[in-house]
Amino acid sequence: MLPDAPHAGPLLMVDLPGPDLDADTREHLRRHHIRAVCLFRKNIGTEEQFARLVAELREVLGEGALIAIDQEGGGVYRTPFWPFPPSAMSLGAADDPALARAVGAAVARPLAALGLNWNFAPVLDVNVNPHNPVIGDRAFGSEPGRATDLALAWLEGSLLEGVAGCVKHFPGHGDTHLDSHLALPRVDKPRAALEAGEFVPFRRALGEADVPAVMTAHIVYPALDPEHPATLSPALLTGLLREEWGYRGVVVTDSMGMKAIDDHYGRGEAAVRALRAGADLVMALGRRSAQEDTLRAVEAAILEGRVPDVPGKLARLDALARRFPSRPQPGGYGPQEQVTDRTLFREAWGRGLTAWRSPQPPPPGSAVTLVVPGDVPGQNVTEAGVTGRDLAQRLSRLYDVEAHLTADPEALDWAALRTPGRVLMLATTSRHRHPAWRRATPDLHLALWNPYAVLDVDAPALLTYGVRPEALDALEGWLTGEVAATGRASPELTGPELTGPDLESPKLTGP
């Protein structure tokens, strides 16, 4: 229940500055009665350190602790010491709900073993826009019904292992040209189009499935609210989600430190607006000063009676913590479980492999000229990609590889790169499409992250939907003929080539 003083802490989720729970952070959490924390890559070193941090958080936050993480799979996976599950779009290409359920359970197992009880997954966005800079392979696909079936199967697997899921980003982030980490997107569609597309997975999930939590999107939908992004919109969070669709679970905002909110509203005022709109928990991530500003603003709003239904919000959060208690399991996530789950993930990545325009692997021992970005650093929600050097070393197991590691695809001379007797291979390894690849003329394109990169390159391609080690194992299997590319491509990849706006030129770094 709410303490006697109007503490805002129980209605906020914060992050931590680093991998250790220092005395100052402990005091900050306790002083403000904070019970919810989200962990990121910056908080994670070794498995032993991570287990210790979670245990210390449980001691500080108490029995009602909500310890969360983003473990979607693919490029959004924070723990480098556990097996890497396939991205949602890889599972979409495999198109097997039973496989998605098994993967969802395997993602949850190590979390539950350490005492993490909330995973901000799965993504329910329908990625209908090949130029979407932030969703892409994080979505199960572009067909609402099929994507929903797979996402809900994945969620069921997580719940069976005792980890609360959280569907996101309500009411749909799949058709944006902007990344809400960097700007405030708008989706200018009529209500009927939203009902037939973006809304389908959320409406079905909340009507048919067990959905412990929903995360909001920092996007303006003028057909429903011409002024406020969904996170701050009473029309969407209360009118649509609570009243029309009857949702009774927890509503949590996306990070209020994203520029879509921070640059337009300010932290404190935005948090109050979100709670007034219908959110139960505000994700007040970032620097300590921003957390303090948010705490002060929400505490003042509670004192002034401007935050409705505080007891109801707390009751929903309490119910979530009771149903999914943070209780580490004796023995943790054991070696045999890790072997089993890694085997599952390798199979799942392999089943998602997708052939585009009938690609043929070069025969073993072929001379190959490989063009690949040198480094792909992490950006916003996703972790770093595979380095060009590491990929070249992998392919050198099979071929005589001459690698061209590039930091500037614009400067490549494709005619000069072609050498008689050598297969010219391009590997696109970034989550963003690069306009320079439109001039590429390889014999074979390995689309190893963003599947829509095949629309930019006039060559046969193999799609892996990710660059994690298990995905690259599947790639090697295809190159040696041991794994067939049986994945089903998204409709956007099988129709006419899409042009759309000029693509962002992402910053790549050299070797």
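The values are calculated or read from the model by the stated rules, or taken from the named source; none is laboratory data. All of these numbers come straight from a predicted model, not from anything done at the bench. For neighbour counting, all protein chains shown are included, and Cβ atoms are generated from backbone atoms with ideal geometry for every residue, glycine included.
Give me the residue from region 106-144 that is polar (S, T, N, Q) and modelled with pLDDT of 95 or more and, out of that set, nearest to H169 (Cα to Cα). Before the answer, list the steps.
In the first step, residues of region 106-144 are kept if they are polar (S, T, N, Q); the result is 117, 119, 127, 129, 132, 142.
Imposing the further condition that a residue be modelled with pLDDT of 95 or more reduces the set to 117, 119.
On the way: N117: 20, N119: 14 Å.
Per the stated criteria, the residue is N119.
Under 21 Å from E492 (Cβ atoms), of a type in the set (A, V, I, L, M, F, W, C), surrounded by fewer than 19 Cβ atoms within 10 Å (Cβ to Cβ) and modelled with pLDDT under 90 - does that describe any residue in region 179-193?
No - not one qualifying residue is present in region 179-193.
Pick out the one residue from L91, L99 that is surrounded by 24 or more Cβ atoms within 10 Å (Cβ to Cβ) and among the hydrophobic types (A, V, I, L, M, F, W, C). Give the derivation first.
On the way: L99 fails: surrounded by 24 or more Cβ atoms within 10 Å (Cβ to Cβ).
L91 is the lone residue from the list that is surrounded by 24 or more Cβ atoms within 10 Å (Cβ to Cβ) and among the hydrophobic types (A, V, I, L, M, F, W, C).
A quick yes/no check of all residues on (1) closer than 23 Å to R468 by Cα; (2) modelled with pLDDT of 95 or more:
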{"site": "Q393", "(1), (2)": "yes, yes"}
{"site": "R397", "(1), (2)": "yes, yes"}
{"site": "V401", "(1), (2)": "yes, yes"}
{"site": "G421", "(1), (2)": "no, yes"}
{"site": "L426", "(1), (2)": "yes, yes"}
{"site": "S430", "(1), (2)": "yes, no"}
{"site": "H434", "(1), (2)": "yes, no"}
{"site": "R439", "(1), (2)": "no, yes"}
{"site": "A447", "(1), (2)": "yes, yes"}
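Looking only at residues that are more than 13 Å from F202 (Cα to Cα) and in contact (Cβ under 8 Å) with a residue 24 or more places away in the chain in region 231-248, which one is nearest to the chain's Cα centre (by Cα)?
Here is the first cut: in region 231-248, the residues more than 13 Å from F202 (Cα to Cα) are 231-235, 238-239, 243, 248.
In the following step, the residues that additionally are in contact (Cβ under 8 Å) with a residue 24 or more places away in the chain were identified as 231-234, 238, 248.
Working: T231: 18, L232: 22, S233: 23, P234: 26, T238: 25, R248: 24 Å.
Top of the filtered list is T231.
In the set H404, H432, which member is part of a strand (DSSP E or B) and not hydrophobic (A, V, I, L, M, F, W, C)?
Values: H432 fails: part of a strand (DSSP E or B).
Result of the check over H404, H432: H404.
In region 296-335, what residues are small (G, A, S), surrounded by fewer than 15 Cβ atoms within 10 Å (Cβ to Cβ), assigned by TED's automatic domain parsing to the domain that holds I67 and on the phi < 0 side of the Ramachandran plot?
G312, A315, A319
Out of G388, G378, G365, which single residue is surrounded by 21 or more Cβ atoms within 10 Å (Cβ to Cβ) and farther than 19 Å from A459 by Cα?
Details: G378 fails: surrounded by 21 or more Cβ atoms within 10 Å (Cβ to Cβ); G365 fails: surrounded by 21 or more Cβ atoms within 10 Å (Cβ to Cβ).
Sole residue among the options that is surrounded by 21 or more Cβ atoms within 10 Å (Cβ to Cβ) and farther than 19 Å from A459 by Cα: G388.
Since F81 meets every condition but one in (1) part of a loop (DSSP other than H, G, I, E, B); (2) crowded, with 24+ Cβ neighbours inside 10 Å, which condition does it not meet?
Unmet for F81, out of (1) part of a loop (DSSP other than H, G, I, E, B); (2) crowded, with 24+ Cβ neighbours inside 10 Å: (2).
Yes or no: region 326-343 includes at least one residue that is within 25 Å of R431 (Cβ to Cβ), within 26 Å of the chain's Cα centre (by Cα) and touching a residue at least 60 places away in the same chain (Cβ under 8 Å).
Pass one, region 326-343, residues within 25 Å of R431 (Cβ to Cβ): 341-342.
Filter once more, keeping what is within 26 Å of the chain's Cα centre (by Cα): 341-342.
Subsequent filtering for residues that are touching a residue at least 60 places away in the same chain (Cβ under 8 Å) retains 341-342.
Yes, region 326-343 contains at least one residue that is within 25 Å of R431 (Cβ to Cβ), within 26 Å of the chain's Cα centre (by Cα) and touching a residue at least 60 places away in the same chain (Cβ under 8 Å).
Go over the candidates D400, D408 one by one and state the one that is more than 29 Å from the chain's Cα centre (by Cα) and among the acidic types (D, E).
Values: D408 fails: more than 29 Å from the chain's Cα centre (by Cα).
Being more than 29 Å from the chain's Cα centre (by Cα) and among the acidic types (D, E) holds for just one of D400, D408, which is D400.
What pairs come out if I take residues in region 382-403 that are at negative phi and aliphatic (A, V, I, L, M) and pair them with residues that are exposed (fewer than 15 other Cβ atoms within 10 Å of the Cβ) and part of a loop (DSSP other than H, G, I, E, B) whose C-beta lies under 8 Å away, six or more apart or interchain?
Final answer for the pair search is A384/P377; A384/G378; L398/P364; L398/G365; L398/T480.
List the number of the failed condition for L344; all other conditions in (1) aliphatic (A, V, I, L, M); (2) surrounded by 20 or more Cβ atoms within 10 Å (Cβ to Cβ); (3) not in a strand (DSSP E or B) hold.
Single failed check for L344: (2).
Look through region 462-499, keep the residues that are surrounded by fewer than 13 Cβ atoms within 10 Å (Cβ to Cβ) and under 26 Å from L412 (Cα atoms), and return whichever of them is modelled with the highest pLDDT.
Step by step, filter region 462-499, then rank; the result is E497.
Which members of region 133-161 meet the condition of being part of a helix (DSSP H, G or I), more than 13 Å from G104 (Cα to Cα) and small (G, A, S)?
Correct list: G136, G145, A147.
How do the helices (runs of 4 or more DSSP H) wholly within region 197-281 filter down when requiring 1 or more residues that are modelled with pLDDT of 95 or more and within 27 Å of L16 (Cβ to Cβ): which remain? Outline the logic, then answer.
Working: elements: 199-208, 259-262, 267-277.
Answer list for region 197-281: 267-277.
What pairs can you find where one residue is in region 53-76 and under 10 Å from G115 (Cβ atoms) and outside the structural domain of D318 (by TED's automatic domain parsing), the other is acidic (D, E) and modelled with pLDDT of 95 or more, and their Cβ atoms are less than 7 Å apart, with a gap of 6+ or different chains?
Taking only residues 6 or more apart or on different chains, not a single pair turns up.
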